[in-house]
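S.K.: Pasting a structure here, questions to come.
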Amino acid sequence: FYTMHYFLEKILDRPAGEAAIDVYQALDMSLPGILAYRSICEGNTPQTVPDLRDPAQRDAYRHDNWCTNPAVAGEQLAPFSSFGSPDIPDEVYEQVRQQWLEQQR
């Protein structure tokens with residue numbers, strides 16, 4: 001909670017406390033996990049964690065939209081799971097929906 005709280009305070013240009021982090025510190029903490037997942041999806045290939053403070057390294061990733069959101073990723077769509085994207089029949093979603101509705105009563 002506090003990491004996200006102080007990050008949001010910083011990007012909203014509010015007074016920062018001792019624990020505040022900037023966008024580059026946030027990237028330093030999140031990129032290794034994202035790139036580890038990319039490595040797994042690409043057969044455990046080594047990935048270089050860029051220092052996005054460096055404009056040259058930042059520019060190399062400028063059009064990297066690799067993610068699981070089709071609206072953002074376009075042709076760079078990442079799988080939802082490292083085991084591939086399973087085909088889940090519509091009936092399963094309906095069954096889960098019905099269970100949820102029953103719990104709401």
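The values are calculated or read from the model by the stated rules, or taken from the named source; none is laboratory data. Note that the coordinates shown come from a computational prediction; the quantities given were computed from them, not determined experimentally. As a convention, Cβ positions derive from the backbone with ideal geometry for all residues, glycine included, and neighbour counts pool all protein chains shown.
S.K.: Kindly establish whether Ser85 is assigned to a loop (DSSP other than H, G, I, E, B) and under 14 Å from the mean Cα position of the chain (by Cα).
M.R.: Values: assigned to a loop (DSSP other than H, G, I, E, B): yes; under 14 Å from the mean Cα position of the chain (by Cα): no.
No.
S.K.: What's the number of the only condition in (1) of a type in the set (Phe, Trp, Tyr); (2) surrounded by 10 or more Cβ atoms within 10 Å (Cβ to Cβ); (3) over 27 Å from Phe7 (Cα atoms) that Trp66 fails to meet?
M.R.: Condition not satisfied by Trp66: (3).
S.K.: Listed residues Arg53, Arg14, Arg38; which is modelled with pLDDT of 95 or more and either loosely packed, with under 11 Cβ neighbours inside 10 Å or not in a helix (DSSP H, G or I) (or both)? Before the answer, list the steps.
M.R.: Values: Arg14 fails: modelled with pLDDT of 95 or more; Arg38 fails: either loosely packed, with under 11 Cβ neighbours inside 10 Å or not in a helix (DSSP H, G or I) (or both).
Unique residue meeting the criteria: Arg53.
S.K.: Any residue at all in segment 40-58 that's at negative phi, in contact with a Ser or Thr (Cβ under 8 Å, 6 or more places away or on another chain) and touching a residue at least 24 places away in the same chain (Cβ under 8 Å)?
M.R.: Narrowing segment 40-58 to residues at negative phi: 40-42, 45-58.
Next, from what is left, pick out any that are in contact with a Ser or Thr (Cβ under 8 Å, 6 or more places away or on another chain): 40-41, 45-47.
Those left that are additionally touching a residue at least 24 places away in the same chain (Cβ under 8 Å): 40-41.
Yes: one or more hits.
S.K.: Just wondering, is there one or more residues in segment 82-91 that are at pLDDT 95 or above and either surrounded by 11 or more Cβ atoms within 10 Å (Cβ to Cβ) or within 18 Å of Ser30 (Cα to Cα) (or both)?
M.R.: no
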